[in-house]
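Below is one structure; the comments refer to it alone.
The values are calculated or read from the model by the stated rules, or taken from the named source; none is laboratory data. Quantities reported herein were computed from a predicted structural model and do not represent experimental measurements. Please note: Cβ atoms are built from the backbone with ideal geometry, for glycine as well, and neighbour counts cover all protein chains shown. For the accessible areas, the whole protein counts, side chains as well, though only heavy atoms, and no ligand, DNA or RNA atoms are used. Shrake-Rupley method; radii C 1.70, N 1.55, O 1.52, S 1.80 Å.
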Amino acid sequence: MKSFEKIQTLLPLAYLYLVVLGVIKESVCYYQLGINILKYSSIMDVLLSPISVITIHPLVTLIFIALFAYPFFQQRMFIKHHNKKWAKYVFGIKKEDFNVEDEASKDFLFNKLILSIAYIYLSLFIGFGFAKGRTMYDEITENKLSYQDKLYFNTGDSKNVYLIDSNSAYYFYIPEGSHNIEIAPVGSVKFFEMIKNKRLNPKKD
């Protein structure tokens, strides 16, 4: 029960930690493209950044859930086998008389649990940010872009583009025939046409 109460008190800090991880992930990603993403992000973008990462794809969501649950499973295994040498080695416990029923021992295990989750999520966010940025950088430099999206501007102009990403204030894209990244305020765009889903756009015979 005390562990549950501790988790409740840590929830605000946990979300703040996720927000920081979201900012780090976006910064790592866009730094590789030469963009300081924080200059183009609103407070809402920052607050929602961890949610956008975790929900980007059902598989990614499952990975985050599974890796969040893993430290709990690991701790349950340790409590079950805490007297065995391999269990103490995995958790870095040097005391031979370690008792999982002691309050000090419970606090130690709880802190280990929180640190494990924090480290796992830090690795995931940085990994996703680096991988996404590197993939986009390679596609741009190797001219492997597919200009299958279209932006219609308030001026009446339109552009076939490779959409890098967008947030509440800006579109980040590369126009067809160019290798330069352009950034357009959302207010300057009348609407955006996405033609990436082939199931919604089947080829006509």
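Here TYR173 passes the criteria (1) open to solvent by 40 Å² or more (accessible area, probe 1.4 Å); (2) assigned to a strand (DSSP E or B) except the one numbered (1).
On the basis of being over 11 Å from the mean Cα position of the chain (by Cα), closer than 17 Å to ALA118 by Cα and assigned to a helix (DSSP H, G or I), does PHE64 make the cut? In short, no. Within the range 7-47, being without any contact (Cβ under 8 Å) to a residue 24 or more places away in the chain and surrounded by 17 or more Cβ atoms within 10 Å (Cβ to Cβ) holds for one residue alone: ILE37.
So that you can scan it fast, the table gives a plain yes or no per residue for (1) under 30 Å from ILE181 (Cα atoms); (2) crowded, with 16+ Cβ neighbours inside 10 Å; (3) at pLDDT 90 or above:
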| site | (1), (2), (3) |
| --- | --- |
| ALA104 | no, no, no |
| ASP107 | no, no, no |
| LEU113 | no, yes, no |
| ILE117 | no, yes, no |
| PHE125 | yes, yes, yes |
| ALA131 | yes, no, yes |
| THR135 | yes, no, yes |
| ASP138 | yes, no, yes |
| THR141 | yes, no, no |
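Out of curiosity, is ILE183 of a type in the set (A, V, I, L, M, F, W, C), surrounded by 15 or more Cβ atoms within 10 Å (Cβ to Cβ) and either modelled with pLDDT under 90 or under 25 Å from SER27 (Cα atoms) (or both)? In short, no.
Exactly one residue out of LEU33, LEU48, LEU59 is over 22 Å from GLY187 (Cα atoms), hydrophobic (A, V, I, L, M, F, W, C) and part of a helix (DSSP H, G or I): that is LEU59. Taking the numbered list (1) over 30 Å from GLU182 (Cα atoms); (2) at pLDDT 75 or above; (3) in contact with a Phe, Trp or Tyr (Cβ under 8 Å, 6 or more places away or on another chain); (4) open to solvent by less than 50 Å² (accessible area, probe 1.4 Å) in turn, THR61 passes all entries but (3).
With the condition kept exactly as written, say whether any residue in the range 113-124 is under 15 Å from LEU33 (Cα atoms) and touching a residue at least 40 places away in the same chain (Cβ under 8 Å). Within the range 113-124, not a single residue is under 15 Å from LEU33 (Cα atoms) and touching a residue at least 40 places away in the same chain (Cβ under 8 Å).
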